[in-house]
């Protein structure tokens, strides 16, 4: 992986991590176009810079994460992450195979777009506008929606958990923010597991250049994600999900065209 490729991937990650368009799908397709998808370091890089992007949530919402007197906030996140940890461990091989299948990812991007065209009309009269009103049961159910994104790469973790929050009577903005919060422990666990695996199986990948690429990529993803979060919350309040739905449909069709013409394999 070159430094230019690392910078491009980090920008893509920072923009797409919190939008309901599937950062995993975008990263997998970009890696395939760069012909680095099968490189073990690329897989590590994609997960580590995801955590870099996720850290932007801690900075923007630091009062939530450093408010130690509100211990129930951490309990909610712990409860919500349990389904993802369980299913991620059991279905890791399936997930890895799906991530290497452009047709599968493109299908999920396309079908997810169709869902987003209608989701604004499915959940009317939300009653929860703030995280403090989310109880443990609702946290668990939102976490179950996150499992869908883990088992179906390309669906979008952000889209799945936001829809899960709306199904539990959260407003669009409250559901989006809880989705951001939930991403922090989820990606911390994924990053720690990936680094541990690489350290045990291919420690040579964590050399000076490798660490440099990881640091640069994480920093870029972090700063780009800061801007993306601010944009997304404001846009979502005013416009809903329809634009993202059309974007995913167009992107899905474009990816199918690239696959069947042999430009993407």
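The values are calculated or read from the model by the stated rules, or taken from the named source; none is laboratory data. Owing to the predicted nature of the structure, the values given are computational and were not obtained by experimental measurement. Because the Cβ atoms are built from the backbone with ideal geometry, glycine has one as well, and the counts that use them run over all protein chains shown.
Observations on the structure shown:
- Residue within the range 247-263 that is within 16 Å of residue 54 (Cβ to Cβ), modelled with pLDDT under 90, in a helix (DSSP H, G or I) and under 21 Å from the mean Cα position of the chain (by Cα) present: no
- From the options 226, 170, 215, residue that is in contact with a strand residue (DSSP E or B) (Cβ under 6 Å, 6 or more places away or on another chain) and either surrounded by 21 or more Cβ atoms within 10 Å (Cβ to Cβ) or within 21 Å of residue 13 (Cβ to Cβ) (or both): 170
- Given (1) assigned to a helix (DSSP H, G or I); (2) touching a helix residue (DSSP H, G or I) at 6+ places or on another chain (Cβ under 8 Å); (3) modelled with pLDDT of 85 or more, index of the condition residue 21 fails: (1)
- Condition met for residue 29 (surrounded by fewer than 20 Cβ atoms within 10 Å (Cβ to Cβ), touching a residue at least 24 places away in the same chain (Cβ under 8 Å) and over 12 Å from the mean Cα position of the chain (by Cα)): no
- For residue 207, the criteria (1) at pLDDT below 80; (2) surrounded by 14 or more Cβ atoms within 10 Å (Cβ to Cβ) hold in every case but one, which is (2).
- Pick from the range 82-138, criterion part of a loop (DSSP other than H, G, I, E, B) and under 30 Å from residue 35 (Cβ atoms), ranking: modelled with the lowest pLDDT: 91
- The criterion of being farther than 27 Å from residue 216 by Cα, modelled with pLDDT of 80 or more and in a helix (DSSP H, G or I) does not hold for residue 51.
- Per-region count, the range 1-18, residues farther than 19 Å from residue 244 by Cα and part of a helix (DSSP H, G or I): 8
- Taking the range 150-174 as the range and being touching a residue at least 40 places away in the same chain (Cβ under 8 Å) and assigned to a helix (DSSP H, G or I) as the test, the residues that pass are 150, 151, 157, 158, 159, 162, 163, 166, 167, 172, 173, 174.
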